[in-house]
1. Among the residues that make up the stretch 46-61, is at least one of them at pLDDT below 90, small (Gly, Ala, Ser) and part of a strand (DSSP E or B)?
2. Considering only the stretch 169-192, how many residues are of a type in the set (Gly, Ala, Ser) and within 44 Å of the chain's Cα centre (by Cα)?
3. Are there any pairs, at least 6 apart or on different chains, whose C-beta atoms fall under 7 Å, with the first in the stretch 617-645 and in the same structural domain as residue 605 (by TED's automatic domain parsing) and under 18 Å from residue 388 (Cβ atoms) and the second part of a helix (DSSP H, G or I) and among the polar types (S, T, N, Q), and if so, which?
4. Any residue that is among the basic types (Lys, Arg), in the same structural domain as residue 595 (by TED's automatic domain parsing) and buried (at least 23 other Cβ atoms within 10 Å of the Cβ) - is there at least one of those in the stretch 496-517?
5. Taking the criterion of being on the phi > 0 side of the Ramachandran plot and outside the structural domain of residue 604 (by TED's automatic domain parsing), would at least one residue in the stretch 421-435 satisfy it?
6. So, in the stretch 193-208, of the ones that are over 17 Å from residue 223 (Cα atoms) and in contact with a strand residue (DSSP E or B) (Cβ under 8 Å, 6 or more places away or on another chain), which residue ends up surrounded by the fewest Cβ atoms within 10 Å (Cβ to Cβ)?
7. Yes or no: the stretch 277-299 includes at least one residue that is outside any loop (DSSP other than H, G, I, E, B) and over 17 Å from residue 212 (Cβ atoms).
Amino acid sequence: MAGRINDDDVKAVRDAVPIDSVVSEYLQLRNAGGGNLKGLCPFHDEKSPSFQVSPSKGLFHCFGCQEGGDTIAFVMKIDHLTFSETVERLAAKAGITLRYEEGGYNPAHQRGERIRLIEAHKVAAQFYIDQLENGAEAETGRAFLADRGFDRAAAEHFGVGYSPQGWDHLTRFLRGKGFSDKELTLSGLAQDGRRGPIDRFRGRLMWPIRDIAGDVVGFGARKLYETDNGPKYLNTPDTAIYKKSQVLYGIDLAKKEIARTSSAVVVEGYTDVMACHLAGVTTAIATCGTAFGGDHIKILRRLLMDHATAEVIFTFDGDAAGQKAALRAFEDDQKFAAETSIAITPGGMDPCELRLAEGDEAVRGLVGSRTPLFEFALRQLVKRHNLETPAGRAAALDEAAPIVAGIKNGAIQHESAVQLAGMVGILDTQFVVKRVAQLARWARDRGGRGPAGGPARGNGSGGDHRGPGPGPAGPPAAGLPAGPALNLRSPAHRTERELLKLALQRPELVSPTFDAYGSDEFTAPPYTAVRQTIAEAGGAEQGTADAAGYLARVREAAADDTVRALVTELAVEAIHCRTIDETYAGVQLVQVRLRAVDRRIAEVQGTLARLGQTADPAQYTAVQNELWVLQQYAQSLRNHGAAAL
């Protein structure tokens, strides 16, 4: 066993390494007054900083979880090191040579396991760098980097290297540096072969993966040769120092800028991180062969401090896989107090390809064009539905409203509900806001269930209005399109009924204008069926010459007995006006047409709301022009009546 470290040397290490410089490698610190600093505690989740550091005293303390101590205690806990391993790491950082009470200077093989694995990775990283810079075989790797816009300086900045194709180049090199076969396999740098350890990475471009303190703890290796039967990217397996779910590539380079700007950009690959940093987006980081998850969030939260202006920006390809990844990230959205956004790369290009194709400015522009992740996720859900129909809009609201209701911040929930109304194309924003608030209230009061224990869902329409109204209802129309039942207290239904009676009983008063009306200008499906039947019989104008024959043809054209019965009913029912003339007929024509135009105006306004300012300019302009024409026509109908038809 290694001897006990000399007490004077331990004190020298404590004095030589300021506690604030060590702690700030793991989390953002800000002035707390009185010479102290504060930040989010790395040892428990919190949203208000209760973790304080006193540089003058060399101590830290969390008023939330009660953790505290000196520099050595902090490093021991956060990196899971023994006392000796921690002192040795800090001594190496301060350039202090340690003395041991038993056995003098501690030989390399006696150091703690974690320190030894860290050292093995440090030596391996330099070995790979030397191979890339000087090895003839590494020309393939150098060409790969050059093809992606990375010169030698870029490779040096990120410590990119190359692993030779032989079986044990690195293994023999590390043995020569005093590392044992057991240490090589424990580190993940080697694996068991038939005759002993062999290199895990062979013939690949190597990216060193560093922890937040800057120590190399693993590697990401990219395949270069077709003869390599392994995966495109091969990462270090989980070891005592490397857990892929707990590391972020580039965090050592990005942490200061992330803390300074309270923002981070999450990309998908090592070359994307390089491209972003070289383009000036120096807050870029990436996961290492795994989805962005809870442990990654904890790392970022310590740097961002969940400040009100903090932001995390995810970049994903615009393809289906990228959108799926974005929705996975959205699931963790509320674990941040920071705003989360998404930047979709154009044409399916990743940031590296974008930089190569369009330059650094395009990469910066990508980040600048971000959209709130919440909005993106809602749009993905909403666009699954046909928003041109009331049923589709109701279904979209059904699916999206519970998500908005899940937002804990009341102000953000309200704004998001208003935004959702625009996405779906529902002009009554207050209805959507009330619907979301109702769902949120049910979730709070009933543990996520709807009223009376039912699911917190609705049809998005605030109630079913298809039941019979207080007035007489028309006959059931078997086989007709689904829709509201006839309700003669409905002004629209009453006017439509009057117009159809005129078309059947006094066609000369409404022809030829009536024949230009579409079936969709009638809102009740039974009336739509009658309008279609009149058209199939040749139109109302046919009745001006032969009234008796006209009605017979209309009845014969009926699709079924139900429609035929309604035609007969309308043909004999009294018209509700003492003076049946062109003026009365004109009023019915205008009212039916005006309501149809108003409905279309509402639909177009909904389309504009869904399109937003990010729509294609030509499409947006076309929709605006349609809206203007419709509004002008509606105004003309109101001002001039039948003369405007």
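The values are calculated or read from the model by the stated rules, or taken from the named source; none is laboratory data. Please read all numbers here as calculations on a predicted model, not as lab measurements. Note that each Cβ is placed from the backbone with ideal geometry, even for glycine, and that neighbours are counted across all protein chains shown.
1. Looking through the stretch 46-61, at least one residue is at pLDDT below 90, small (Gly, Ala, Ser) and part of a strand (DSSP E or B).
2. So in the stretch 169-192, the residues of a type in the set (Gly, Ala, Ser) come out as 176, 178, 180, 187-188, 190.
Narrowing further to those that are within 44 Å of the chain's Cα centre (by Cα): 187-188, 190.
Counting residues in the stretch 169-192 that are of a type in the set (Gly, Ala, Ser) and within 44 Å of the chain's Cα centre (by Cα) gives 3.
3. 623/607; 627/605
4. Applying the first criterion (among the basic types (Lys, Arg)) to the stretch 496-517 yields 497, 501, 506.
Right, trim to in the same structural domain as residue 595 (by TED's automatic domain parsing) and you get 497, 501, 506.
When the remaining residues are screened for being buried (at least 23 other Cβ atoms within 10 Å of the Cβ), the result is 497.
Scanning the stretch 496-517 turns up at least one residue that is among the basic types (Lys, Arg), in the same structural domain as residue 595 (by TED's automatic domain parsing) and buried (at least 23 other Cβ atoms within 10 Å of the Cβ).
5. The first filter runs over the stretch 421-435 and keeps only residues on the phi > 0 side of the Ramachandran plot, leaving 425.
Then keep just the ones that are outside the structural domain of residue 604 (by TED's automatic domain parsing); that gives 425.
Yes, some residue in the stretch 421-435 is on the phi > 0 side of the Ramachandran plot and outside the structural domain of residue 604 (by TED's automatic domain parsing).
6. First, pick out the residues of the stretch 193-208 that are over 17 Å from residue 223 (Cα atoms): 193-198.
So of that shortlist, the ones also in contact with a strand residue (DSSP E or B) (Cβ under 8 Å, 6 or more places away or on another chain) come out as 197-198.
Numbers: 197: 23, 198: 18.
Checking each candidate, the answer is 198.
7. Initially, the stretch 277-299 is screened for residues outside any loop (DSSP other than H, G, I, E, B), giving 277-278, 284-286, 294-299.
Remaining after also requiring over 17 Å from residue 212 (Cβ atoms): 278.
Yes, that holds for at least one residue.
This table checks each residue for (1) surrounded by fewer than 16 Cβ atoms within 10 Å (Cβ to Cβ); (2) at pLDDT 80 or above; (3) not assigned by TED's automatic domain parsing to the domain that holds residue 147; (4) not β-branched (Val, Ile, Thr).
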site	(1), (2), (3), (4)
295	yes, yes, yes, yes
311	no, yes, yes, yes
315	no, yes, yes, no
325	no, no, yes, yes
339	no, no, yes, yes
342	no, yes, yes, no
348	yes, no, yes, yes
353	no, yes, yes, yes
